[in-house]
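**Student:** Structure in structure tokens, see below.
All of the numbers you see were taken from the coordinates with simple rules; none came from a lab. In this text, all values refer to a predicted model and were calculated from it rather than measured experimentally. Reconstructed Cβ throughout: ideal geometry from the backbone, glycine too, with neighbour counts over all protein chains shown.
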Amino acid sequence: MKLGDYFRGIEYYNEALIVKVNFPQRWKVFPSKDGNIKPAKSDKAAGEYYYYGNMNLVTLDDIFGVIKETINVNKDMELKLQLLSEKATELKELFEANPYEKLVNLKFVIEEAKPEKPKRKYTKKKKEENNDVVVAETTDADKQEEQ
């Protein structure tokens with residue numbers, strides 16, 4: 001997740017830290033859990049928000065943390081809505097293809113994802129061909145002849 005895709009600026013006003021962001025219009029925004037950081041919708045542009053808090057109570061990291069959480073929640077919601085649409089299509093096809101008597105026993109089960117097993121690492125060893133190799137041995141007499 002890139003905060004830079006949404007970040008538009010930082011301002012200081014009196015004792016307030018203000019971070020300006022721009023989100024898609026359909027996104028929801030929310031304050032921090034402790035209420036020290038609040039969002040305010042801009043009157044200037046659609047999707048523009050100001051997250052602000054008293055600089056004596058919050059840091060920029062705190063504000064960025066709330067913004068990141070907002071981004072994560074909204075992206076997760078988008079993924080869920082997309083999945084819901086896909087599953088609704090599958091369910092519609094299932095209802096069209098099966099009789100009522102069979103559908104009465106329909107159950108929804110969420111399977112746990114199987115953890116991926118780490119792949120074994122194999123090291124390839126060079127296979128030496130078993131050719132008949134004649135090794136020439138040098139004798140003292142051969143050495144003397146070469147000289």
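**Student:** Check which residues have an amide H placed less than 5 Å from ARG8's amide H, if you skip close sequence neighbours.
**Tutor:** Hits under the 5 Å cutoff: LYS20, VAL21, ASN22.
**Student:** With a cap of 16 neighbouring Cβ atoms within 10 Å, and only residues DSSP puts in a loop, list the trypsin sites (Lys or Arg not before Pro) found in segment 52-107. Walk me through the intermediate numbers first.
**Tutor:** Numbers: sites: LYS68, LYS75, LYS80, LYS87, LYS92, LYS102, LYS107; in loops: LYS107.
Sites meeting the loop and neighbour criteria: LYS107.
**Student:** Please turn the phi angles of segment 61-67 into ³J(HN,Hα) values with the Karplus equation 6.51 cos²θ - 1.76 cosθ + 1.60 (θ = phi - 60°), one per residue in order, whole Hz, x for glycine and proline.
**Tutor:** 4, 4, 5, 4, x, 5, 5
**Student:** In percent, how large is the relative contact order of segment 3-103, given Cα pairs closer than 8 Å and 6 or more residues apart? Intermediate results must be reported in sequence, preceding the final value.
**Tutor:** Details: 110 pairs, mean separation 21.3, N = 101.
Taking the mean separation of contacting Cα pairs over the length of segment 3-103, I get 21 percent.
**Student:** Which parts of segment 37-64 would a label at TYR12 reach, counting a residue when its backbone N lies under 15 Å from a point 7 Å out along Cα-to-Cβ?
**Tutor:** 53-61
**Student:** Along segment 45-52, what does the Karplus equation 6.51 cos²θ - 1.76 cosθ + 1.60 (θ = phi - 60°) give for ³J(HN,Hα), rounded to whole Hz, x for Gly and Pro?
**Tutor:** Result, rounded to whole Hz: 9, 5, x, 8, 9, 10, 9, 9.
**Student:** Per the Kirkwood definition applied to all pairs of different Cα atoms, how many angstroms is the hydrodynamic radius of segment 3-103?
**Tutor:** One over the average 1/r among Cα pairs gives 15.8 Å for segment 3-103.
**Student:** Which loop-located chymotrypsin sites (Phe, Trp or Tyr not before Pro) does segment 57-117 contain, where loop means any DSSP state but H, G, I, E or B and the Cβ has at most 12 other Cβ atoms within 10 Å? Please list the in-between numbers first.
**Tutor:** Values: sites: PHE64, PHE95, TYR100, PHE108; in loops: PHE108.
Sparse-neighbourhood loop chymotrypsin sites (Phe, Trp or Tyr not before Pro): PHE108.
**Student:** Longer than 23 Å from Cα to Cα, which of LYS75/LYS119; LYS41/LYS75; LYS87/LYS107; LYS20/LYS80; LYS33/LYS114; LYS2/LYS117 are they? Say none if no pair is.
**Tutor:** Exceeds cut-off: LYS75/LYS119; LYS20/LYS80; LYS33/LYS114; LYS2/LYS117.
**Student:** Which of PHE64, ALA97, VAL19 sits farthest toward the positive end of the charge dipole of segment 3-103, with +1 on the Cβ of Lys and Arg and -1 on the Cβ of Asp and Glu?
**Tutor:** VAL19
**Student:** Let me ask something else. By count of other Cβ within 10 Å, fewest leading, how are ARG8, ARG120, ARG26 ordered?
**Tutor:** Listed from fewest to most nearby Cβ atoms, that is ARG120, ARG26, ARG8.
**Student:** Something else now. Could you list the GluC sites (Glu not before Pro) in segment 51-116 that lie in coil according to DSSP, counting only those with at most 10 other Cβ atoms within 10 Å of their Cβ? Don't jump to the answer; show the numbers that get you there.
**Tutor:** On the way: sites: GLU69, GLU78, GLU86, GLU90, GLU93, GLU96, GLU101, GLU111, GLU112, GLU116; in loops: GLU111, GLU112, GLU116.
Of the GluC sites (Glu not before Pro), the ones in loops of segment 51-116 whose Cβ has at most 10 other Cβ atoms within 10 Å are GLU111, GLU112, GLU116.
**Student:** Using the Karplus equation 6.51 cos²θ - 1.76 cosθ + 1.60 (θ = phi - 60°), what ³J(HN,Hα) coupling, rounded to whole Hz, does each residue of segment 21-32 give in order, writing x for Gly and Pro?
**Tutor:** In residue order, the calculated couplings are 9, 10, 10, x, 4, 7, 6, 9, 10, 8, x, 5 Hz.
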